[in-house]
1. Who wins for biggest fluctuation among P63, P142, P162 in a Gaussian network model of the chain, springs between alpha carbons below 10 Å?
2. I'd like the antiparallel share, as a percent to the nearest 5, of DSSP beta bridges with both residues in the stretch 2-191.
3. Restricting to lysines 8 or more places apart or on different chains, can you count the pairs in the chain with Cα atoms under 15 Å from each other?
4. Run the numbers on the stretch 62-119 and let me know its relative contact order in percent, using alpha-carbon pairs under 8 Å that are six or more apart.
5. So, counting K/R as plus one and D/E as minus one, what does the shell of residues with Cβ under 12 Å around V186 add up to?
6. Given the options E36, E172, E140, which has the most mean-square fluctuation in a GNM of the chain, springs set between C-alpha atoms less than 10 angstrom apart?
7. With θ taken as phi - 60° and the coefficients 6.51, -1.76 and 1.60, list the Karplus ³J(HN,Hα) couplings across the stretch 52-60 in order, rounded to whole Hz; mark glycine and proline as x.
8. Taking the Cβ of each residue in S178, S168, S31 as the centre, tally the other Cβ atoms inside 10 Å and list the residues starting with the fewest.
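Here, each number is a calculation from the coordinates, and none is a lab measurement. Everything quoted here is computed from the prediction, not taken from an experiment. Every residue, glycine among them, receives a Cβ derived from its backbone with ideal geometry; neighbour counts consider all protein chains shown.
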Amino acid sequence: MKLKICGIQTLDDIASINGTGVDYAGFVFVSGHRQEVSIDRARELRAALDPSITAVGVFVNEPYELIKRIVDEGIIDAVQFHGDREYSMNVLTLRGMVISSEQDIKATVSDYVVFDGHWNGAIGSTGGTFDWRLVEGYKEKPFFLAGGINIGNIKEAMAYKPYGIDMSSGAEEEGRKSRRKIIELVNVCKVH
């Protein structure tokens, strides 16, 4: 099972994931989001990222031209869309869906889906779980489960047979990415 650690902001975060077996690193380009990174910062982080880890840019309703520029510069390998906009890109794409009912599961042209929890109308990752039974029969695309997953509930999340697990705060201690926690999470994901 794949593991995506989102909200990478610092070189310490990069050091916490490099060499652990993490598959994807998420750089959040969402204005006003707690984990937002600038293009310059993401470029610096990408340069330090283990090349075996796929760098994913997370966007909410950003224009195609901006996303394409970041892709063309080689800052990211994949694009994760949240909000109303989704584009066809020449890289791997993920479609974030914040769900609270089956009606929130929509068709997508993206390669993968990221199912995330819903909280107070927020767009993008919120740190809250949702009723994972809603995705039990979903077979249209490989999917990641996100939102409120941590070492205490990761095995339960994995029982829904996602392609991968996407987490941010569940891989942190005191608000910072924790290498110890990440290694523990990787060990759970890779064994099952």
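1. Largest GNM mean-square fluctuation: P63.
2. Of all bridge pairs located within the stretch 2-191, approximately 5 percent are antiparallel.
3. Lysine pairs meeting both conditions in the chain amount to 15.
4. With pairs under 8 Å counted, the relative contact order is 27 percent.
5. +4
6. Fluctuation is largest for E140.
7. Working through the residues one at a time gives 7, 9, 6, 8, 10, x, 9, 10, 10 Hz.
8. S31, S178, S168
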